[in-house]
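The structure appears right after this line, and notes come after that.
The values are calculated or read from the model by the stated rules, or taken from the named source; none is laboratory data. None of these values were measured; they are calculated from a predicted model. All Cβ positions, glycine included, derive from the backbone under ideal geometry; neighbour counts span all protein chains shown. The accessibility values were calculated without ligands, DNA or RNA, using every heavy atom of the protein model including side chains. Shrake-Rupley method; radii C 1.70, N 1.55, O 1.52, S 1.80 Å.
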Amino acid sequence: MKICRYNDNRLGLLDGERILDVTAALDALPAYKYPFPRTDQLISNLEMLKGRIAEVAKGASSIAVADAHLLPPVANPGKVVAAPVNYKAHLEESRNDVEINYNRKVIEIQTIGLFLKSTSSIVGATEGVRITFPERRNDHEIELVAVIGRTAKNVSVESALDYVAGYCIGLDMTIRGPEERSLRKSLDTFTVLGPWLVTADEIGDPAGLQMVLTVNGEPRQNANTRDLIINVPNLISWASSFYTLNPGDILMTGTPEGVERVVAGDTIDARIDKIGSMQVKVRAA
Ligand code: MN
C-alpha cells in the first residue's frame, strides 16, 4: 500500500498515477483527549486502518498525482532520528572537502552516534525547500527513511524490521558550517518527506534499493542502500538502545556521496526503488 496525505489534509491511496481519496477511513481513528499521545495517530493505528482504507477505496473519487499538493506522509512524528556519514564514500568526500567539514575531523558514525532533527523542519514534496541563508552553502542529502510503526525499546537487530510501518524518501537538507548538525539541519523545510509512505510489506528487505538524486536534470547522487555502513535493522536496534521509538517516529538512514549545493530556483528530483520519485522545488525564503 502507498499512502499519502495531500491538499487539505486528505488521506490518499495510490493507484498508479492517481490518488484515491480515502479520507473517510480516518473516521475509524479513536477519539483522543488532551494530553494527546506523543505518537502519530495514523501510523499507530495503521494496521487497523488498512482494511478500512481498502474498503473506502472502492468507488472513491480520485485526482492525478501531478495535481495533488503532497504533504508529509506522517503528520505528527514525535522525533526525527538521523544517521550522520553512514556511507563510506560520503565519509571520504566529507573528509576531503573543507567546504563540507569546515576543518573539523569527520568522526565515524560508530563513534559519533546519531542526532535529532527538529520536527518543525518537516515538509511534504510539493511544499518544497526554502533557503533562509542564501549566502551559505545549502546541500541536498537524499536518504532512505524508515517510519517506525510500533513502540521500540532495546529491540534486537533480528526483530528490528518488525517495528517499521513503512518507508519514504527523505531529503536531509543541510547548511554547511561550524554549528552542530542538529541546528544546521533543522531549519524550516529542511526535512522533506515524501512523496508517500510505502508500507513495509511492499519493500521487504530495505537493503539493495537504488537511490538517485538530480538537480535540474544534472546527476548528483546515485547509490544503493546495500552500501550503508550501519544498515536499517542495526540503526533501529542501536537507536532503540538510547531512545524509545514511538509510532510515527522518523529514522533518516544517512546520505551517500555526491552532496552538493542547491540555490533558489533549482528543482530536485529524488527517487528510490520500490518507493517512487518526488520533485522538490527550492525557493528563496
Ligand atoms: Mn543526512
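For the reader, a short list of remarks on this structure follows.
- Most positive-pole-ward Cα, V259, S241, A125, against dipole of the chain from beta carbon charges: S241
- Entries of K33/K274; K117/K281; K50/K274; K58/K79; K79/K281; K33/K185 with Cα pairs more than 31 Å apart: K33/K274; K58/K79; K33/K185
- Across the chain, C-alpha contacts under 8 Å between residues 6 or more apart give a mean separation that, scaled by the residue count, equals a relative contact order of 25 percent.
- Carbon/sulfur fraction of accessible area - region 2-69, other protein chains in place, 1.4 Å, %: 51
- Listed values for region 145-159 are Karplus-derived 3J(HN,Hα) couplings in whole Hz (6.51 cos²θ - 1.76 cosθ + 1.60, θ = phi - 60°), namely 10, 9, 9, 6, x, 9, 4, 10, 9, 6, 7, 6, 4, 5, 9, and x replaces Gly and Pro.
- Accessible surface for region 2-69, divided over its residues, is 58 Å² per residue with a 1.4 Å probe.
- Averaged over residues, the count of other Cβ atoms within 10 Å places the peptides 243-252, 226-235, 149-158 in the sequence 243-252, 226-235, 149-158, highest first.
- R0 of 45 Å, Cβ-Cβ distance S120-D15: FRET efficiency to nearest 0.05: 0.90
- Cα gyration tensor shape for region 80-284, rounded if a/c is under 1.5, else prolate or oblate: prolate
- Mean accessible surface per residue for region 80-284, computed with a 1.4 Å probe while every protein chain stays in place, in Å²: 39
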